[in-house]
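The values are calculated or read from the model by the stated rules, or taken from the named source; none is laboratory data. Keep in mind the model is a prediction, meaning the values are calculated, not measured. Glycine gets a Cβ as well: all are built from the backbone with ideal geometry, and neighbour counts include every protein chain shown.
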Amino acid sequence: MTAIPDVFTAVEFSIVSKHYGDVRAVDNVSIAVAEGEFFSMLGPSGSGKTTCLRLIAGFEQPSIGSIKIFGKEAAGTPPYEREVNTVFQDYALFPHMNVLDNVAYGLRVKGIAKPECYKRAEQALEQVALAEYGKRKPGELSGGQRQRVALARALVNKPRVLLLDEPLGALDLKLREQMQLELKTLHKKLGITFIYVTHDQSEALSMSDRVAVFNRGKIEQVDTPRNLYMHPKTSFVADFVGTSNVINSAMAQQLTGQNQPFSIRPEHIKLGTNEFNDKQNDIIKVAGEVVDIQYHGATSKVEVSVGNQMLFMVLSNTELSEAELPKISQRLNLCWSKSRMVMLENQAS
Amino acid sequence: MQSSIINADTSKPFGRKFSNTLYRKNNLFLFLLLTPPLLWFGVVYLGSLFALLWQSFYTFDSFSMAVSNDLTLENYRSLFDATNFDIILRTLTMAVAVTLATALIGFPIAYYMTRYGSRAEKGFFYIAVMLPMWASYIVKTYAWTVILSQQGILYWCINHLGLSGALNHVLQIPAIGGNTLATSNLGRFIVFTYIWLPFMILPIQAALERVPTNLLQASADLGAKPAQTFRRVLLPLVFPGVVAGSIFTFSLTLGDYIIPQLIGPSGLYIGTMVYTMQGSVGNMPLAAAFTVVPITLIFIYLSLAKRTGAFDAL
């Protein structure tokens, strides 16, 4: 990857660490988020992604390292002097103000004349399709509506970077998918940088230009969604982004003769048939026993015990009849093409 | 169906049957739950208050020193006599001053307890705030007469710091000062503030505890400087707690009759006036009329607080 010139870098972390006592919440993290990018920070809870967001917002200060926002050192700058705005996980709307006052708040505290504030706040509410709701209190709104108010409240300030901390986490699936689409549209329309924290890998993959995968305070991989899925560098990424079978080095030794762990996606594992004979060198064959079958509508997920490892495979319910599906404790022959395997860095998983 | 449920119960012990009956008949449960406290509250608590208010309309014959049942508004009219009205004003001024002082001192302590205190520190602060309440109120007030006396520790400190000149200047200010600290309004104010402080800290602390930290962060994130966050977000959300605390300090000062007797200049307070009228004079109707004054003042105070939107955040 070529170095991005400073002018186009919205947020840059240089070897940033944040320690709480002995706990390294963020450990030696370096990232550069380009201006206008939809950048996601993905990881399980406690992996340091939210702490990174809070470091950008200014709610936390780094223990070591430098954070630059548009080339300007941000460490030591309070939140109210940063050109970033945050959409909080639980929205953090002011309960004692009505919706319009909530949205106008950022403009009011900057000393902009009252009529101008309310005019712009009303426009912002229109943008999120809540023009009629200005007089209501946040407590009278549904989760999805509060989410939009929080978005309008941040965007009315015209931030150069919008920080989103698991903003869709509290919404139900349908609403979440709709909001994902709206956020994506909004990002295209505004052209500003979005930094998006989520633990939902499908959300990160579908929305982002680039994704940083966090694990235990460190970044495992920063890449485009396609590259993360197709070419995970570590077993953690392979496992966390999509479902994948990570084959440890001991088993890899038996199968490939090489002491290097690899991953294979469930959809690339096939039921072993006579199509493949021993002469084909690019095929890996294993035998195992079915432990569990889960019905998922269009597909069924089959869990097979091979040696001391579990392999997941996905079978199509449209291609196979119920009778053709394997049964629990049935012996199965599985196979996959070597070309589908992704070699991982040799490390303890 | 009904019979089978009852049959199922017959084999069970009485306690279980009783519980199940209560479960099925919610009204019976509420009746048993509320009857004792409502009896106490209605008869003993409100009943005696209304009996007192009723007596404020009785007639007191100042010549025979006897109370008769003839109803009159004379007691209320006499509240506005110069001497009586003076008592009300004096008490009200002190109550307002004490309320403001306790709020100003209490808020930072409550804020520290909530935002910065670790669990252990919080425990320490709770005990430290409430510790004075474990000792008798009268003993503490007497202790303050010793502290504030000219041979007391406060004078000793002030002398050793070379500030006795400054103290004399302060004591010469009319309405605040006096001959000594122990006989000045300043001394009385200090003791009132000391005694009622916990009643202000605890409600404010409870209110602060309910304000999520992320609201303050959201405010800063939107560009508000700390002073703006305090005025526009924190204070409005905590104000019900401040009002609750101030009702305590305000009404406790309005009704107190011990501190004005022991510390500060002569001149009656509402509490001492009631004490005198009821005790040595035997003018129960006027004492009762005086009791209505704090109730009225607090009512006015609450409606003013409501008008400023103090309870909107509740």
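If you check B:Ala143, B:Ala101, B:Ala135, B:Ala95, which single one turns out to be under 30 Å from B:Ser78 (Cβ atoms) and hydrophobic (A, V, I, L, M, F, W, C)? Give the steps one after another, and end with the answer.
On the way: B:Ala143 fails: under 30 Å from B:Ser78 (Cβ atoms); B:Ala101 fails: under 30 Å from B:Ser78 (Cβ atoms); B:Ala135 fails: under 30 Å from B:Ser78 (Cβ atoms).
That would be B:Ala95, the only listed residue that is under 30 Å from B:Ser78 (Cβ atoms) and hydrophobic (A, V, I, L, M, F, W, C).
So if I check each of A:Lys338, A:Lys327, which one is under 22 Å from A:Thr256 (Cβ atoms) and either outside the structural domain of A:Met251 (by TED's automatic domain parsing) or exposed (fewer than 15 other Cβ atoms within 10 Å of the Cβ) (or both)?
Numbers: A:Lys327 fails: under 22 Å from A:Thr256 (Cβ atoms).
From the options A:Lys338, A:Lys327, the qualifying one is A:Lys338.
Could you tell me whether the range B:198-218 includes any residue that is closer than 27 Å to B:Trp144 by Cα, among the aliphatic types (A, V, I, L, M) and surrounded by fewer than 22 Cβ atoms within 10 Å (Cβ to Cβ)? The answer is yes; a qualifying residue exists.
Would you mind finding the one in A:Ala129, A:Ala154, A:Ala121 that is in a helix (DSSP H, G or I), within 31 Å of the chain's Cα centre (by Cα) and away from every other protein chain (no Cβ under 11 Å)?
Numbers: A:Ala129 fails: in a helix (DSSP H, G or I); A:Ala154 fails: away from every other protein chain (no Cβ under 11 Å).
Testing whether each residue is in a helix (DSSP H, G or I), within 31 Å of the chain's Cα centre (by Cα) and away from every other protein chain (no Cβ under 11 Å) leaves just A:Ala121.
Filtering A:Val291, A:Val302 for residues that are among the β-branched types (Val, Ile, Thr), at pLDDT 90 or above, exposed (fewer than 15 other Cβ atoms within 10 Å of the Cβ) and not assigned by TED's automatic domain parsing to the domain that holds A:Gln201 leaves a single hit, A:Val291. Only strands (runs of 3 or more DSSP E) whose full extent lies in the range A:207-308 are considered here, and the ones with at least 2 residues that are in contact (Cβ under 8 Å) with a residue 12 or more places away in the chain and among the charged types (D, E, K, R) are A:218-223, A:283-296, A:299-306.
Checked against (1) within 14 Å of chain A (Cβ to nearest Cβ); (2) at pLDDT below 95; (3) more than 30 Å from B:Ser136 (Cα to Cα), B:Asp221 passes all but condition (2). Just checking, does the range A:69-76 include any residue being of a type in the set (Asp, Glu), away from chain B (no Cβ under 14 Å) and surrounded by fewer than 19 Cβ atoms within 10 Å (Cβ to Cβ)? Scanning the range A:69-76, I find at least one residue that is of a type in the set (Asp, Glu), away from chain B (no Cβ under 14 Å) and surrounded by fewer than 19 Cβ atoms within 10 Å (Cβ to Cβ), so the answer is yes. Within the range B:45-82, can you find the residues that are modelled with pLDDT under 90 and over 22 Å from B:Leu286 (Cβ atoms)? The answer is B:Tyr45, and nothing else. Condition check for A:Ile328 on (1) of a type outside the set (Ser, Thr, Tyr); (2) touching an Asp or Glu at 6+ places or on another chain (Cβ under 8 Å); (3) in contact (Cβ under 8 Å) with a residue 60 or more places away in the chain: one failure, at (3). Annotation: of all residues in the range A:82-103 being over 21 Å from A:Leu164 (Cβ atoms) and within 10 Å of chain B (Cβ to nearest Cβ), the one that is modelled with the lowest pLDDT is A:His96.
Residues in the range B:97-150 that are farther than 25 Å from B:Val243 by Cβ and not in a helix (DSSP H, G or I): B:Ser118, B:Ala135, B:Ser136, B:Ser149, B:Gln150. Residues that are of a type in the set (S, T, N, Q) and assigned to a helix (DSSP H, G or I) occur at least once in the range B:199-210. Number of residues in the range A:202-235 that are within 20 Å of A:Arg340 (Cβ to Cβ) and of a type outside the set (A, V, I, L, M): the value is 12.
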